Amino acid sequence: MGQTLFQRTADGLILTDEGHAILDLATQMEESAVTIQRRLAGDAGKPDGILRISSADWFGGYVLPSVIEAYRMTYPKVHIELLTGTRLFNLAHREADLVFRIVPFDEADIVQRRLVNMQYGVYLRTNSKDPILGDGTGFELITMDGSLGNFPDAQWLRERFPNASVALKSNNRHVQAQLCAKGLGLAVLPRPVGDQLPGLRRLELEDEPPSREVWMGYHRDLRRLGRLRAFVDMAVAMLAP
């Protein structure tokens with residue numbers, strides 16, 4: 001229409017006044033296009049195509065593989081993309097079809113359910129001596145990076161072993177487990193991680209670390225998507241109590 005919507009600057013492109021004037025309308029157009037895509041995909045009940053799943057690294061590496069194996073044996077025409085990390089993907093924009101995470105969803109139009117209450121444990125290298133609960137002198141701790149949010153298990157670990165020093169922090173549970181297996185410190189890990197990784201043993205304590213709820217969610221427009229529905233049902237059957 002002959003209008004300039006962006007102005008190039010040294011820092012990149014910025015909106016002009018004309019661009020700002022139509023920004024809300026353009027956003028509505030994008031959302032409508034994405035909604036059309038979701039609803040057309042939701043009408044397809046045939047289990048084939050691509051299924052995008054998002055989860056934390058440890059959940060994708062130690063919990064989901066058994067579900068994915070069983071799913072692929074049953075639905076070999078479905079190709080799975082497993083996206084792991086700390087980023088919360090946008091279900092409304094189809095950045096992922098199905099998300100597993102440890103916090104409930106607060107976005108609109110999300111179908112969610114509490115999948116499992118994940119148990120955690122304190123782990124150390126197999127041949128290490130046990131620390132004294134309430135002390136921890138001579139031991140070091142491996143904890144989550146607190147800059148990413150509040151992790152109750154990190155505080156719990158420091159409180160149970162107050163005289164142990166925090167040696168290492170990482171936002172990746174698998175990295176924590178590997179460091180722990182090298183004898184670099186005590187770590188609180190999800191049980192599927194600590195129990196599966198060689199070189200680790202779990203401390204038997206009367207007072208166990210706080211558990212976390214794992215939530216599963218997808219956009220309601222995809223509730224009739226056959227490949228998604230099949231994976232959700234299989235995950236519930238294999239993981240939910």
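Treating r as the C-beta distance of residue 114 and residue 87 and R0 as 22 Å, the FRET efficiency rounds to 0.50. What the chain shows is 55 Å² of accessible area per residue, with the surface traced by a 1.4 Å probe over protein heavy atoms.
At the residue level, residue 114 shows approximately 130 square angstrom of accessible surface with a 1.4 angstrom probe and all protein chains present. Each DSSP beta bridge with both residues in the chain is either parallel or antiparallel, and the antiparallel ones are about 60%.
Applying 1/(1 + (r/R0)^6) with R0 = 41 Å to the Cβ-Cβ distance of residue 22 and residue 95 gives a FRET efficiency near 0.95.
When the surface is traced with a 1.4 Å probe over the full set of protein chains, residue 29 keeps roughly 140 Å² accessible. Among the GluC sites (Glu not before Pro) in region 7-95, which ones are in a DSSP loop with at most 14 other Cβ atoms within 10 Å of the Cβ? Mind listing them? The qualifying sites are 95.
Straight-line cross-link partners of residue 129 among the aspartates and glutamates, defined as a Cα under 16 Å from its Cα and at least 8 positions apart when in the same chain: 140, 204. Which helices, taking whole DSSP H runs in the chain, have alpha carbons extending 18 angstrom or more along the helix axis plus mean Kyte-Doolittle at least -0.5? Helices meeting the span and hydropathy rule in the chain are 17-42, 226-239. GNM remark for the chain: springs join alpha carbons under 10 Å apart, and the peak mean-square fluctuation among 22, 50, 102 falls on 22.
GNM remark for the chain: springs join alpha carbons under 10 Å apart, and the peak mean-square fluctuation among 23, 200, 51 falls on 23. Shape call for region 1-42 from the C-alpha gyration tensor, a ≥ b ≥ c root eigenvalues: rounded (a/c under 1.5), prolate (a/b greater than b/c) or oblate? Note, shape of region 1-42 comes out prolate.
Roughly speaking, what is the stretch gain from residue 196 to residue 79, that is 0.36 nm per residue apart minus the C-alpha to C-alpha distance, in nm to one decimal?
Numbers: separation 117, 0.36 × 117 = 42.12 nm, distance 2.61 nm.
The residue 196-residue 79 span can extend by a further 39.5 nm.
Mean projected area of the Cα convex hull of the chain, taken over all directions, amounts to 17.8 nm².
Determine the share of region 127-186's accessible area contributed by carbon and sulfur atoms, expressed in whole percent, with a 1.4 angstrom probe. Working shown, then result.
Values: 1530 of 3140 Å².
In region 127-186, the share of accessible area belonging to carbon and sulfur is 49 percent.
The values are calculated or read from the model by the stated rules, or taken from the named source; none is laboratory data. Because the structure is a prediction, the values reported are computed rather than measured. Quick reminder, even Gly has a Cβ in these numbers, built from the backbone with ideal geometry, and neighbours come from all protein chains shown. Surface accessibility is based on the protein's heavy atoms, side chains included, excluding ligands, DNA and RNA. Shrake-Rupley method; radii C 1.70, N 1.55, O 1.52, S 1.80 Å.
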